[in-house]
Amino acid sequence: MIWTGKPPKRCGPRIPMTSLGRPATATSTGVSAFRPLEYTIRFENDPEFATAPAQQVRIELPLDSTLDARSFRLGSFGFANLQFTVPENVSYYRNRLDARDSLGVLVDVNAGIDIVNHKAFWIFRSIDPSTGELPADPLLGLLPVNDAARRGEGFVQFQVRADAGAQTGDRVQARARIVFDTNDPIDTPEIFHTLDADLPTSRLDAVPAQVEQRDVELQWQASDAGAGLKQFALYISTDDGPFQLLENGIEGQAYRFSGEPGHVYRLFVLAEDWTGNAEAAKTAAEITFQIVVTSVADRALPKVFRLYANYPNPFNPRTAIQFDVPRETRVEIRIFNVLGQEVRLLADKPFAPGTHTLQWDGRSGSGRAVGSGVYFILMKTDGFTAVRKMTLLR
């Protein structure tokens with residue numbers, strides 16, 4: 001949020017040699033209520049009216065009632081082509097700057113937030129190094145008359161957050177007052193922004209638990225009560241692995257996903273609006289599906305032994321267990337509990353080359369039902385052993 005441009009002309013100085021500032025114009029946009037609002041106030045020693053450098057500049061900015069004064073943080077500032085930074089995360093700053101080489105003066109800076117009066121302030125004061133007071137020489141000061149090199153311009157920056165009780169549609173207004181030396185105050189044009197205090201929401205549309213093609217058309221529903229939806233991000237977990245970003249910056253509400261047969265995919269979507277508000281993070285999948293082998297092209301023989309994650313997982317009461325066999329051989333598929341006890345022998349026989357699927361019903365194991373909990377699938381064959389974890393929920 002920046003004040004830029006020039007205000008209407010005003011009358012000339014009331015003293016023979018003086019400085020006269022010019023503030024900026026206003027803009028209006030929607031902004032997030034959850035992010036710091038960043039401001040820049042610019043000022044100028046107007047060459048059309050001023051005949052001498054400014055020796056003192058005072059800026060005051062009453063904070064809107066929708067802003068939290070305790071969150072106010074100072075940013076960088078500058079004048080006469082000099083720029084200065086303040087320590088991070090400070091709301092008050094006081095220092096004496098040495099500008100003798102370029103301006104012939106020291107500059108006292110006092111800036112901060114007046115919590116009681118809900119007002120931010122910046123005070124710049126030129127100091128004669130020989131007296132410690134304001135310069136007696138009217139041609140000495142911290143802000144020269146502006147020129148082609150823009151030496152007569154200055155700025156201050158800060159950020160502040162919306163109050164915790166802010167609501168979507170609340171309007172944040174700001175109007176700074178700038179005083180050069182002993183001249184009349186100059187009010188900047190008002191700048192205002194509309195807060196967006198609502199997070200967008202989204203959810204993937206359901207898909208079949210088993211999909212018979214590699215390409216899956218994903219679609220989702222989404223809404224936003226504030227600035228409107230901008231883009232989406234898709235996250236994916238493969239075979240019960242960790243969620244990872246699949247695609248970011250999706251502008252529409254559809255995505256064509258291409259997967260591999262035999263794998264189980266879990267996905268969720270996150271929305272972002274035009275102010276940068278992002279949907280709350282999700283930890284669980286919104287859809288889960290497995291791509292199954294159906295076409296001739298997909299029936300190409302596997303090259304290695306492989307045990308896939310069961311589907312669905314968690315499950316109740318049945319789940320499918322899929323595995324690859326590259327050549328004809330005997331395969332054992334057994335189910336164990338967390339104590340290492342075998343609860344079910346699913347297979348112990350020869351299998352032809354290809355991808356095979358077995359079903360396990362958790363209601364029966366070694367002649368009896370098994371309870372909720374974590375179980376393990378063991379695949380063992382021809383020098384190959386693999387284990388997968390699964391969860392039964394009652």
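The values are calculated or read from the model by the stated rules, or taken from the named source; none is laboratory data. Predicted, not measured: the structure shown is a model, and the values here were computed from it. Note: ideal-geometry Cβ built from the backbone for every residue, glycine included; neighbour counts use all protein chains shown. Surface areas here come from the heavy atoms of the whole protein model, side chains and all, with no ligands, DNA or RNA. Shrake-Rupley method; radii C 1.70, N 1.55, O 1.52, S 1.80 Å.
Of the residues VAL107, ILE236, PHE336, the one whose Cα sits farthest toward the positive end of the charge dipole of the chain, with +1 on the Cβ of Lys and Arg and -1 on the Cβ of Asp and Glu, is PHE336.
Here, segment 208-273 yields an orientationally averaged convex hull projection of 4.7 nm² when only Cα atoms define the hull.
Taking the Cα centre of segment 214-273 as origin and assigning +1 to Lys and Arg Cβ atoms and -1 to Asp and Glu Cβ atoms, the resulting dipole is close to 40 debye. Just the protein heavy atoms count here, and of the accessible area of segment 122-214 at 1.4 Å, carbon and sulfur take up 47 percent.
Taking the alpha carbon gyration tensor of segment 95-215, multiplying each eigenvalue by 5 and rooting it gives semi-axes of 51, 20, 14 Å, largest first. Relative contact order of segment 202-318, please, whole-number percent, based on alpha carbon pairs below 8 angstrom and at least 6 residues apart. Once divided by the residue count of segment 202-318, the mean separation gives 31 percent.
Here segment 86-135 is treated as an ellipsoid with the same Cα gyration tensor; its semi-axes, largest first and in whole Å, are 25, 12, 7.
Of the beta bridges in the chain, as assigned by DSSP with both residues counted there, near 95 percent are antiparallel. As a calculated quantity, the FRET efficiency between PHE192 and LEU82 at R0 = 35 Å, using C-beta atoms, amounts to about 0.65.
A Cα-only calculation for segment 181-327 places Rg and Dmax at 22.8, 94 Å. Here the contact order of the chain, divided by its residue count and restricted to Cα pairs under 8 Å and six or more residues apart, works out to 13 percent. The simple spin-label model puts a point 7 Å past each Cα toward its Cβ; for GLU286 and SER223 those points are separated by 1.4 nm.
Give the Rg/Rh ratio for the chain, taking Rg as the radius of gyration of the Cα atoms and Rh as the Kirkwood radius, to two decimals.
1.28
Subtracting the Cα-Cα distance of ARG96 and ASN248 from 0.36 nm times their residue separation leaves 50.0 nm of extension gain. Each Lys and Arg adds +1 at its Cβ and each Asp and Glu adds -1 at its Cβ; summed about the Cα centre, the chain shows a dipole of about 1240 debye.
For segment 317-356, the relative contact order works out to 49 percent when only alpha carbon pairs closer than 8 Å and six or more residues apart are counted. Taking all protein chains as they are arranged and a probe of 1.4 Å, the heavy atoms of TRP122 leave approximately 10 Å² accessible to solvent. The H on the amide N of LYS230, modeled in the peptide plane, is under 5 Å from the matching H of GLU272, ASP273, TRP274, each at least 5 residues off or on a different chain. A simple charge model with +1 on the Cβ of Lys and Arg, -1 on the Cβ of Asp and Glu and nothing else charged puts the dipole of segment 247-291 at about 220 debye relative to its Cα centre. Which FRET efficiency value, to the nearest 0.05, is calculated for ALA369 and ARG334 with the Förster distance at 25 angstrom and r the Cβ-Cβ distance? That pair, ALA369 with ARG334, gives E of 0.90. Straight-distance candidates among the aspartates and glutamates for linking to LYS230, with alpha-carbon spacing under 17 Å and chain neighbours fewer than 8 residues away dropped: ASP196, ASP198, GLU247, GLU251, GLU272, ASP273, GLU279.
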